[in-house]
Amino acid sequence: MKKVVIGLTMAAALGIAAAAQAQEKFRVGIIDTRKILTESKSGQQSRAELEKMVKERREKLGKEETAIKAMHEKLEKDKLVLNEKQKEQKQKEIQDKVGALKKMSQEAQQEVSKRDNELSAKAGTLLKEIVSGVARQEKLAMVVDKNQSSVLWVDEEVDITEKVLKAYEAKAK
């Protein structure tokens, strides 16, 4: 009986040691990328740049819209003195201005979106590089983004793709 107890105790100790070693080997880091990108000086500068860009575009579009409203009001005011051809010409001018305004609005949205994508890509590249470095320094097996539940970095030693591929090929034959 004593041998059984000693054997179970040793097995438990080895199991605990193995679990502790496995736990040490497979450590997971979690980051909040949203917080990093919104609270960092770089992220705040990017946001400020985009907000400034949006404000400038809105002001420009607002001026055009005001000009179109003024043209429309003038047409309504002068309707009684203008002949049909003049009315049609003024309405066409207004329609052309409205079309140009819509095009300007779309272009402004595309410019802002393009710049946002550029800034996001730059920040994402830098963040991946930093996460990789910190993860290696901290001896983590992987890093997960807590907002997106996505894996941002994985230690190559933990990647079992090749083993699974070989097993799959063996079973698939």
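Derivation of every value follows stated rules applied to the coordinates shown; laboratory data play no part. None of these values were measured; they are calculated from a predicted model. Cβ atoms come from the backbone with ideal geometry, glycine included; neighbour counts cover every protein chain shown.
Rounded to the nearest Hz, the phi-derived 3J(HN,Hα) couplings of region 73-85 under the Karplus curve 6.51 cos²θ - 1.76 cosθ + 1.60 (θ = phi - 60°) are 5, 5, 4, 4, 5, 8, 3, 6, 8, 8, 7, 4, 5, where x marks glycine and proline. Ranked for footprinting exposure by Cβ neighbours inside 10 Å, fewest first, Thr38, Thr33 give Thr38, Thr33. Plainly put, region 40-138 has a radius of gyration that is 1.35 times its Kirkwood radius, both from alpha-carbon atoms, as the Rg/Rh ratio.
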